[in-house]
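Encoded as structure tokens, the structure appears first; notes follow it.
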Ligand code: AMP
Ligand code: MG
């Protein structure tokens, strides 16, 4: 995403808020509420590169003023957008940017990147909230956005976290922070549902036209561009779900207001990465029913696309045309998931029994509560022959005889691939990460940051930007979680 233009200095930043060209009832112009004595907690060089922003300016006084919301970037017309949504399967009515402000977009780069502040103070959509975000959740969003980018998974990016000693009150008083997010669009499924459920079909059409023009211009020539939009979003969402499943990422709050219309991972809250494999794992402490558990994510992705389809149906026309667009979900998900699994297991040819081989490995991880990330990482290092290297993998499993039996089948399968160990291992190591954002790693970085030591956030960021590299000097960051980490609980908005 880097541009050929020379990097921009802060003085050259100029924003344009395209969303504010929509009619005024789509948003409210709001200024950020200033925060006292802002300081830099963390910044991402690679996110800065998405904006073609000069790395030298990260942390400069003007940078702190701009990205704390204390000073307006030239051209910026900050706004909070209105949207609605289904939360935990129930229609929640109007929501909207309660603590986010869209500053505008930067067109100096190849693509128009939108910049949003999160935690910058109340808006007309804040309801009972204070419009703020705590340092803890801001660091989690920052690190996970950049970790997902490192894993090659579509996501909003995070430029920086700016902290302040200004207190906010959650279960206990905590310090606040502002995260700067970057995405090609922050429009959500719920943005469409808003107009549909308010029976404002002309506004629905305006929004769809806006999104197609700005985010899907290739669809403009389609005979039924609204159907084409639904098809494209359905496919992107299905593929995103497959990508989440393949790294064990759990979003935690897949409400339709948190679903990106361009297929990004959006709105990081009580997310988690699978550790001891359990397909029923729920990462969001408040999701008692497990609606958003790991195994439910693909089906919920489909459910959310159905909600979007309902909202787009007046534009698309017939129910058949809407259903046809939606019908792409299962095949797109399966195709992507199987392709990712083939890569994860190091198989290039397709054999009928491969899916059963994969399922058997997942069943073994399940019954042994084997660590998801390390299981695939060690699998990537196996030789075609039994060697002492098997021990790393075997150590993750309690029932070693069952694993050995599976390995016999797996090795028999590998012999039909005609690849040398080294070729297969290299490919597998490039898709099975060594480093993921484990809760205990995030927690350790957060605790240091709460004591004004931001070094661990910076270190984690660096490691997670290259999750497939061995980085032997950071070996301990790939370790299994310690016992105390079992008790970390994360829940909704903080
Ligand atoms: P979330 O669960 O973070 O996706 O948020 C759901 C809704 O609550 C969105 O409309 C948010 O903008 C809003 N919200 C969450 N936290 C706050 C807060 N601290 N202040 C104001 N609005 C909030
Ligand atoms: Mg949200």
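Every number here is computed from the coordinates shown, using simple stated rules; none is lab data. What you are looking at is a predicted structure, and each value in this text was computed from that prediction instead of being measured. Don't worry about glycine lacking a Cβ; one is built from the backbone with ideal geometry, like all the others, and counts go over all protein chains shown.
Tabulated data for the structure shown
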item	result
Isotropically averaged projected area of region 132-185, using the convex hull of Cα atoms (one quarter of hull area), nm²	4.0
Protection proxy ranking, peptides 447-456, 157-166, average beta carbon neighbours within 10 Å, highest first	157-166, 447-456
Ordering of 407-415, 423-431, 301-309 by packing [mean C-beta count within 10 Å, highest first]	301-309, 423-431, 407-415
Relative packing of 310-319, 15-24, which averages over residues the other C-beta atoms within 10 Å, highest first	310-319, 15-24
Shape metrics for region 366-494, restricted to C-alpha atoms - Rg then Dmax, Å	17.5, 55
Cα extents of region 212-357 along the three principal axes, largest first (Å)	47, 42, 26
Dimensionless Rg over Rh [region 10-186; C-alpha; Kirkwood]	0.95
Gap separating the Cα centres of region 265-306 and region 426-494, nearest whole Å	20
Equivalent ellipsoid, the chain (semi-axes from 5 times Cα gyration tensor eigenvalues, Å)	37, 28, 21
For region 346-429, diffusion coefficient by Stokes-Einstein and Kirkwood Rh (Cα), 20 °C, 1.002 mPa s, µm²/s	165
Over the chain: helical MRE at 222 nm, DSSP H runs n ≥ 4 each giving -39500 (n - 2.57), nearest 500	-12500 deg cm²/dmol
Tail beyond 16 Å, pair distance distribution of region 314-369 (Cα, percent)	59
Residue order, fewest to most beta carbons within 10 Å, for 202, 209	202, 209
With Cα atoms, 0 to 90° folded angle of helix 455-465 axis to the chain main axis	70
The chain, relative contact order [Cα under 8 Å, separation at least 6], %	15
Two-decimal Rg/Rh across region 452-494, once Rg and the Kirkwood Rh are taken from alpha-carbon atoms	1.04
